[in-house]
Amino acid sequence: MGLFVEPLPSENRLPSKVDVVVVGGGIVGASAALFLAKRGVKVALCEKGNIAGEQSSRNWGWVRQGQRDPREFPLMIESLRLWERMNEDLESESGFRRAGILFASDSDENIAQNEAWLDEARQHQIEARMVSGSELQRLTPGADKRWKAGLFCATDGRAEPHLATTAIALAARRSGASVLTNCAVRGLELSAGSVSAVITEHGRICCSTVVVAAGAWSRRFLKDLDITLPQLKVLGSVMRTSPVEGGPEAALWSTEFALRKRIDGGYTIANGHASVVSIVPDSFRFFANFWPALRSDFKNLRLRVDDRFIKECSESHHTPPDRISPYERTRVLDPAPDKASLRRTFERLKKAFPVFASATVVQQWAGLIDVTPDAIPVISQVDAVPGLIVATGFSGHGFGIAPGAGRLAADLVRGTPPVVDPTDFRFSRFTDGTRVRPLTGV
């Protein structure tokens, strides 16, 4: 497996009836379960493998407002508020530290884009500014490289993916949620068109509401309900280093590499301009949906044909709930990292930051990111199936926004006033004629 995630033991008993079943034990699903349980809702969290086994433990660990799509601003502001008190609320270490995030720029075009983003950010009272000269050098200790300028958001932070999700799931359990690992949900049972139960590999759980927070599996799960979610997977490769003295405290993005200091003193390193997109059957099915985003970001994506095409073909057929499901055959999506790309990224990093010259690569891994055509999530009821709520498609920037997303999903379940306006995250935006615009910038 790509990361060292401490397995969370499952409950010993499958509940026969709850109010809500959350499908997916990533950080969004765990957050939704926590907020529901804290409000007295009887909830079961079902995860086919381990808590945080996939992208929730494989991401960069950034908690950022900087460079977000403005449609996500209100939800991210709420999420940052929750992150700031998370260690205290969870009575556990999430790794959250408010150390700032810097987006470094080499080109005048990129600087202009950052300044345009700042104009929108200021309308939401987000504390960010352009930096250059000595201030930029102060934020990048140990660097020989000199960038023209940078967008710096001092209120942004970082956390440890392998710690945070498990801590949230444990807090949900302490609040009364049933946390069930190695418990795949094979499908839903409907009565008069509405949710009435889930069928798991271990039996049936009666419920009136289901929250699908299944990450890269959400498209496949909803397909069995004849619900079409335009979603594709993007492979991101990441590595971590041994401890480094004298490196930046703030996380840093550049065109050649990105870095984030870890609580163990090492750094998480990646390249946001080196993503891999496997050609699969859904690539053709959703070509029109994704074409605007693909065209605008084509230089940063590498298309390839690999074994995922046959794999997804074989998994696409409906499986009756009394048969072993694809979710049991593949408990954890654990793709091989692009080691050649990571090697190039590390060499560029050491050239820019000689302070990393003696660092060693401790671990390399990859994850499959759930991406929507407009690169913002779906957090929404599904009108076609009363009692069904979807929280997925976080498009590679879901870790930081997850606490707020979980709270919003919980609000939708309970029918209470939502913490933020959910209109931009509605499922129907892909079919109601609304223009779905791709994310611009980072």
Rounded if a/c under 1.5, otherwise prolate or oblate - the stretch 267-349, Cα gyration tensor axes: oblate
query: Can you give the FRET efficiency for A116 and E249, using 1/(1 + (r/R0)^6), R0 = 41 Å, r = Cβ-Cβ distance, to the nearest 0.05?
result: 0.90
task: Given the peptides 244-250, 254-260, arrange them by the average over their residues of other C-beta atoms within 10 Å, most packed first.
output: 254-260, 244-250
message: Between Q125 and S314, how high is the FRET efficiency from 1/(1 + (r/R0)^6) when r is the Cβ-Cβ distance and R₀ = 51 Å? Nearest 0.05.
response: 0.55
- line: Partner lysines whose C-alpha sits under 30 Å from that of K299, ignoring same-chain residues fewer than 8 away, are K145, K148, K233, K261, K311, K339, K350, K351
message: Placing +1 on the Cβ of each Lys and Arg and -1 on the Cβ of each Asp and Glu in the chain, which of L333, C207, A112 has its Cα farthest towards the positive end of the resulting dipole?
response: L333
Sulfur and carbon atoms: percent of accessible area, the chain [1.4 Å]: 50
- prompt: What ranking, highest mean first, results for peptides 186-192, 221-227, 29-35 when packing means the other Cβ atoms within 10 Å averaged over each residue?
  reply: 29-35, 221-227, 186-192
task: Could you pull out the GluC sites (Glu not before Pro) across the stretch 18-123 that fall in loop regions by DSSP (anything but H, G, I, E, B) with no more than 14 other Cβ atoms inside 10 Å?
output: E91, E93
- prompt: Does the chain come out rounded, prolate or oblate, given a ≥ b ≥ c as the square roots of the eigenvalues of its C-alpha gyration tensor, rounded meaning a/c under 1.5 and, failing that, prolate meaning a/b above b/c?
  reply: prolate
Dipole magnitude (debye, nearest 20) for the stretch 37-179, charges at Cβ of Lys, Arg, Asp, Glu: 540
query: Between the stretch 391-410 and the stretch 57-103, what is the C-alpha centre distance in whole Å?
result: 11
- line: Per the helix-only model, the chain has a calculated mean residue ellipticity at 222 nm (DSSP H runs of ≥4, -39500 (n - 2.57) each, divided over all residues, rounded to the nearest 500) of -8500 deg cm²/dmol
field: Relative contact order [Cα under 8 Å, 6+ residues apart], the chain, whole percent
entry: 24
field: For the stretch 58-126, accessible area per residue (1.4 Å probe, heavy atoms of protein chains only), Å²
entry: 43
- request: Would you mind putting 419-425, 354-360, 213-219 in packing order, based on average other-beta-carbon counts within 10 Å, highest first?
  value: 213-219, 419-425, 354-360
task: Find how many whole Å separate the alpha carbon centroid of the stretch 162-212 from the alpha carbon centroid of the stretch 269-286.
output: 29
- request: Give the calculated FRET efficiency between T416 and E135 to the nearest 0.05, with a Förster radius of 41 Å applied to their Cβ-Cβ distance.
  value: 0.40
query: With axes computed from alpha carbons, what is the tilt in degrees of helix 161-174 against the longest principal axis of the chain, rounded to the nearest 10 within 0 to 90?
result: 40
statement: Under a Gaussian network model of the chain whose springs join Cα atoms within less than 10 Å, the largest fluctuation of G272, G393, G26 belongs to G272
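The values are calculated or read from the model by the stated rules, or taken from the named source; none is laboratory data. Since we're looking at a predicted model, the values are computed, not measured. Cβ sites come from the backbone with ideal geometry, for glycine too, and all protein chains shown count toward neighbours. Heavy atoms of the whole protein, side chains included, go into the accessibility calculation; ligands, DNA and RNA do not. Shrake-Rupley method; radii C 1.70, N 1.55, O 1.52, S 1.80 Å.
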